[in-house]
Structure formats: structure tokens, C-alpha cells
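The values are calculated or read from the model by the stated rules, or taken from the named source; none is laboratory data. Source: prediction; values computed, not measured. We place every Cβ from the backbone using ideal geometry, glycine too, and count neighbours over all the protein chains shown.
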Amino acid sequence: MTLLPSRRTRARLAALVAAAVLPAAALVPTAPTARAVEEPHPFEVFRNCPAAQMLAEADDASTSCVTAVVTGGTFVIGKGTVPVTAESVLSLGIASVGSGEKTFGTPGKVFTSGPMQVPGGLLGVPGLERLLPGLTDVTATVELATTELPQIDILASIYGGEVVALPVKIRLKNALLGGNCYIGSNANPIVLHLAMEKAGSFEFVPVGEAGSLIHARGGVVVDHSFAVPAATGCGAGGLLNGVVNARQGLPSPAGRNSAVLDQDAYLGGPASQVLAFQQG
């Protein structure tokens, strides 16, 4: 997948948004209000964008920051369903380098996610998660399962199709499982091919004199065809792998698992304007 990140692309997207989605009045700047002054800067969503990296290798006019935020939804993995109660954020930079496009990322900040409570906990019985706090309750955290930078297609937010192929692993944690209990791994990840099911609405935001941001709000991305491997590293010496696998129904072949994720996506820049914001 490719993303066309140049200023020309941002202008094309802005024009398409303005013509097809937004009323004309939405593109006319209005006088700031007391509430607007208190709102976060539009580039706050690009706090982890590798703006300095892009400027070191690419012409500023070709640079764009991309942020995708999962705000809710559900994972069905084997026999269990986990509601998405913590945001996951994918932060990348895209620029023209030489004759092609290059993806940039800040180490440790490309993908971030918070822990989510697993319904039923270790026992798999709804309502008994907190029977023995720290022992029966389990948290699940989605982590990136690759050292490669994911390729994201922001245009799929408009035209449909696959937005991103995301290799992930799920870390399960409580006092009994320890800190190295995973479903999936770098060598054998869960690969989510997330495609746009619902595009949502679009907003174009001018930022200062030279910057801009396009917000694709309220989209839904899905994958109903990924496989999930067995758990590993659960408990001392992996003694609880079988418990987790039996409780969750793992390994689980393609067709028995699904991800339906609410998503907000952002495209903006150029990098010089984002870097100025990051540096305060």
C-alpha cells in the first residue's frame, strides 16, 4: 500500500472533503471563542510524529504526519470477546525520498496502547474477574509485533479498501501469568488486515499560515479473517499456557476471529510546522 503524502495530495484531499462532505461554511475561519482558545492545538495528535527525521531526509513540501487512533470496538478471539476500552495510537511520517515514498517512525512511539480488562478474567466466568484481585483478573495489551514500520493508506479512509496491515501480539498479565504471557509473537504474529467498513465524516482544518490537517472522524475498520496462534510464556516455564489456550479456544483458525474497531485518522503537515509545534 502507498500513501501520497505531498502537499499536492493534502490539497487534493482537502478539495475532495470540501466538495463532497463539508458545508462551505465549515471551511471559513471564524472568530476565536473562549472555548476555542482552551482546546488543544490541532497538531497535538502529531506529538509522536517523526517530523525532525523527515526534514533530515526529505523536502518539507513532500512531508506528512499520519496518526490513526482506535477509540473503541471489540476483538473476538477464539471463544472470548474483549471490548476495546483503551486507545491504541499509530503514529507515522510519510515523505518523498528520491524516486519513491518512505515511511518514518519514532522508536518506541510508533504504536502505543493501554491495558484492557478481559471479561471473565483467568477463570472465564463473567462477574468473577475480581474474585481474587491480581490473580483472577487479567489485562490484555495490544503491542506491535514487528520492527518494520507499518504501511498505512490514508486514502482508503475515503475510497475504501485496506487501511493498514498490522502485525500485533497481545500481552496477557496478572500475578499468575507473569509479565511474558503472549498470544502471538514477533515470529508468529496476529496480522490484522484492517479495511475501511465505514468512512465517517471529514474535516479540513487550516493550521497557521502554512499548515493543515484533515481529520477523518468516526470511521470503522474491520478484519474478519485473521488467525490467532496459541499462547506462550504464561506462568513459570509456560505451565499456564494450556489454561489460557483452553479458556480462550486457541489456536483459533481464520474465520473464527474478528476485529471491529472505531477509528479516527489524521493527515497533516508539513513537517516543519509540526516540528515547530513539538518544540513549543
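Structural remarks
- Look at (1) over 19 Å from G121 (Cβ atoms); (2) out of contact with any Pro (no Cβ under 6 Å at 6 or more places or on another chain); (3) modelled with pLDDT of 95 or more; (4) not basic (K, R) and you find that G219 fails only one, number (3).
- Matching entry among G100, G124 (being at pLDDT below 95 and in contact with a strand residue (DSSP E or B) (Cβ under 8 Å, 6 or more places away or on another chain)): G124
- Among the residues making up region 212-246, those that are of a type in the set (A, V, I, L, M) and in a strand (DSSP E or B) are L213, I214, A216, V220, V221, V222, V228, A231.
- Scanning region 152-186 for residues that are assigned to a loop (DSSP other than H, G, I, E, B) and surrounded by fewer than 16 Cβ atoms within 10 Å (Cβ to Cβ) yields G160, A175, S185, N186.
- For region 123-131, the criterion of being out of contact with any Pro (no Cβ under 9 Å at 6 or more places or on another chain) and among the basic types (K, R) is satisfied by at least one residue.
- When residues of region 247-277 are limited to those that are in contact with a Gly (Cβ under 6 Å, 6 or more places away or on another chain) and not in a helix (DSSP H, G or I), the one surrounded by the fewest Cβ atoms within 10 Å (Cβ to Cβ): G249
Each row is one residue, and each column tells you yes or no for (1) without any contact (Cβ under 8 Å) to a residue 60 or more places away in the chain; (2) touching a helix residue (DSSP H, G or I) at 6+ places or on another chain (Cβ under 9 Å); (3) surrounded by fewer than 19 Cβ atoms within 10 Å (Cβ to Cβ); (4) hydroxyl-bearing (S, T, Y).
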residue: V45; (1), (2), (3), (4): no, no, no, no
residue: A56; (1), (2), (3), (4): yes, no, yes, no
residue: S64; (1), (2), (3), (4): no, yes, no, yes
residue: T74; (1), (2), (3), (4): no, no, yes, yes
residue: K102; (1), (2), (3), (4): yes, yes, yes, no
residue: P107; (1), (2), (3), (4): yes, no, yes, no
residue: P119; (1), (2), (3), (4): yes, no, yes, no
residue: G127; (1), (2), (3), (4): yes, no, yes, no
residue: G134; (1), (2), (3), (4): yes, no, yes, no
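- Selection within region 204-223 - of a type in the set (S, T, N, Q) and over 28 Å from A165 (Cβ atoms): none
- Applying the criterion of being hydroxyl-bearing (S, T, Y) and farther than 18 Å from A265 by Cβ to the residues of region 132-166, the residue that is modelled with the lowest pLDDT is T136.
- For the residues G108, G121, the requirement of being assigned to a loop (DSSP other than H, G, I, E, B) and either more than 20 Å from V69 (Cα to Cα) or more than 19 Å from the chain's Cα centre (by Cα) (or both) singles out G121.
- Qualifying residue in region 193-213 (condition: within 30 Å of A254 (Cα to Cα), surrounded by fewer than 21 Cβ atoms within 10 Å (Cβ to Cβ) and in contact with a Cys (Cβ under 6 Å, 6 or more places away or on another chain)): no
- The residues in region 187-207 that are in a loop (DSSP other than H, G, I, E, B) and at pLDDT 95 or above can be counted, and the count is 3.
- Any hit, region 179-196, residues being hydrophobic (A, V, I, L, M, F, W, C) and under 30 Å from Q273 (Cβ atoms): yes
- Top-ranked residue of region 124-151 - restricted to ones that are assigned to a loop (DSSP other than H, G, I, E, B) and among the hydroxyl-bearing types (S, T, Y), ranked as nearest to P50 (Cα to Cα): T147
- Among the residues here, F226 qualifies as of a type in the set (F, W, Y) and under 25 Å from N186 (Cβ atoms).
- Selection status of G235, farther than 28 Å from S157 by Cα and crowded, with 16+ Cβ neighbours inside 10 Å: yes
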